[in-house]
Amino acid sequence: MAEVSGKSFLPESFPGYTADVAGQIGLLWELIKAPLIVPFLRLCVYICLAMSIMVFMERLYMGVVIILVKLFWKKPEKRYKWEAMTDDLELGNEAFPMVLVQIPMFNEKEVYKISIGAACNLSWPADRLVIQDMVERECLRWASKGINIRYQIRESRGGYKAGALKEGLKHDYVKPCEYVVIFDADFQPEPDFLRRAVPFLIHNSDIALVQARWRFVNSNECLLTRMQEMSLDYHFTVEQEVGSATHAFFGFNGTGGIWRIAAINEAGGWKDRTTVEDMDLAVRAGLKGWKFLYLGDLQKVSLYKKFYVIYSFFFVRKIIAHMFTFVFYCVVLPLTILVPEVDVPKWGAIYLPCIITMLNSVGTPRSFHLLFYWVLFENVMSFHRTKATLIGILEAKRVNEWVVTEKLGDTLKNKSNNKSAPRRSLSKLLGDRIQLHELGFAVFLFISGCYDFLYGKNYYFVYLFLQVITFTIAGFGYVGTIVPSS
């Protein structure tokens with residue numbers, strides 16, 4: 001094989017020519033860095049700083065509003081027309097509207113009995129409640145106790161969850177129902193769930209959806225579930241209450257909500273064009289003028305609703321927040337360490353992110369001591385959210401791929417304890433656990449951290465090495481195996 005000569009890279013007449021290959025590569029780097037790399041990276045820094053300001057303003061706005069909501073605004077029972085529902089002996093059960101309960105599920109065998117049992121124990125007249133379920137044995141068991149429960153399955157899984165919900169509304173026995181309640185297989189409603197929520201729909205004809213608060217029964221199972229609780233608590237405590245209070249709009253959670261069937265039909269029904277069917281329906285119904293109510297301390301105001309939906313709900317929270325977190329902290333900031341000609345101001349790299357983080361922490365005060373690791377975890381998750389955002393925007397081939405997460409957060413443990421499962425090769429087992437993308441970013445951040453430790457002046461290596469540990473933990477599949485302290 002012919003040896004690679006210096007002429008393969010640069011001509012001997014080139015200024016600064018050296019016969020050493022590594023030296024030529026370094027020379028090429030210096031030649032393109034000033035006219036290309038530095039301006040491009042500087043532009044990326046400016047864009048990230050602008051996105052940081054957008055996220056900060058949105059978080060600050062929601063923080064101020066949630067304080068006003070908690071301090072001054074009355075409970076929904078006092079702001080909306082609402083009457084407690086009690087058994088009326090004179091009117092009989094006719095005083096209660098017909099309600100349909102849908103429990104769509106897929107591969108949730110460990111937890112389906114919980115949701116079915118809770119649904120069948122709802123405090124509501126049996127002849128005014130229809131329950132659709134996909135487990136024949138449970139349907140027969142509860143039907144023998146006088147519950148109006150229907151065993152409902154489809155021949156195909158076309159349309160996934162949206163297709164199942166849409167198909168469930170087509171049956172003749174559903175036509176008398178005015179409202180539909182949706183529970184995922186792991187949702188556990190209280191017996192008085194309907195009596196507390198349905199009156200808002202009965203007495204306020206402009207409300208399409210009443211969304212209930214989620215609670216987490218396994219938040220202490222491992223560090224992953226605690227991090228998820230922190231993220232989702234902010235979503236419920238701040239984002240949904242602020243959206244309901246200021247614009248009567250927020251994204252449907254996909255479970256624990258009661259829809260007015262007329263509103264679903266007016267908005268065009270369930271669509272299987274996307275796997276985020278819950279948000280898709282909520283946006284279409286909201287833009288039709290329907291209002292949503294989150295059960296918390298709320299007030300209803302309708303100004304600038306479309307602007308709120310497009311800018312704050314979609315653009316800032318669903319696109320900017322995810323992409324900014326990953327691109328800035330995992331790509332741009334480490335690259336500025338390797339290209340010291342590009343400077344990131346302290347307010348953009350440290351001060352503003354710290355304030356945003358503090359505002360995000362209001363949802364789960366009990367996990368405040370885990371806040372720093374939550375930031376590192378969110379940076380890892382933002383990589384997947386950014387990838388999902390780009391796939392959706394670009395309509396890539398996986399845009400409508402449906403991947404169901406098994407419940408209870410112990411998938412690997414269940415598979416290892418399954419004695420009847422066929423033995424798999426070591427390479428297959430490692431392939432299921434090892435995530436090369438996360439490990440690749442861990443290597444990149446480690447190199448950047450080492451360079452900053454040797455030559456940097458801003459001590460970014462402290463953050464970078466901790467972020468390396470988090471990416472490495474995720475890369476080897478150990479995120480859901482660490483149990484946090486209370």
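Quick notes on this structure:
- Here region 326-387 and region 33-51 have alpha carbon centers that stand 18 Å from each other.
- Highest average packing first - 369-379, 172-182, 340-350, 466-476, Cβ atoms within 10 Å: 466-476, 369-379, 172-182, 340-350
- Calculated FRET efficiency for the pair residue 57/residue 154, C-beta based, R₀ 51 Å, to 0.05: 0.65
- In range of the label at residue 38: residues from region 322-359 whose backbone nitrogen is under 15 Å from the point 7 Å along Cα→Cβ: 336-344
- Modelled FRET efficiency - R0 25 Å, residue 173 with residue 206, Cβ distances, 0.05 increments: 0.35
- Given their separation in residues at 0.36 nm each and the Cα-Cα distance between them, residue 68 and residue 390 gain 112.3 nm when the chain is fully extended.
- Modelled this way, with points 7 Å down the Cα-to-C-beta line, the labels at residue 366 and residue 469 are 2.5 nm from one another.
- Once the Cβ-Cβ distance of residue 262 and residue 95 is raised to the sixth power relative to R0 = 25 Å, the FRET efficiency obtained is 0.80.
- Across 387/457; 288/387; 33/318; 33/346, pairs whose alpha-carbon gap is larger than 29 Å: 387/457; 288/387; 33/318
- Here the spin labels are modelled as points 7 Å beyond Cα on the Cα-Cβ line, and at residue 450 and residue 213 they lie 4.9 nm apart.
- Net lengthening on full extension, residue 50/residue 271 (0.36 nm per residue, minus Cα-Cα): 76.1 nm
Every read-out reported here was derived from the displayed coordinates using simple, explicitly stated rules and does not represent laboratory data. Everything quoted here is computed from the prediction, not taken from an experiment. Glycine also receives a Cβ, built like all others from the backbone with ideal geometry; neighbour counts cover every protein chain displayed.
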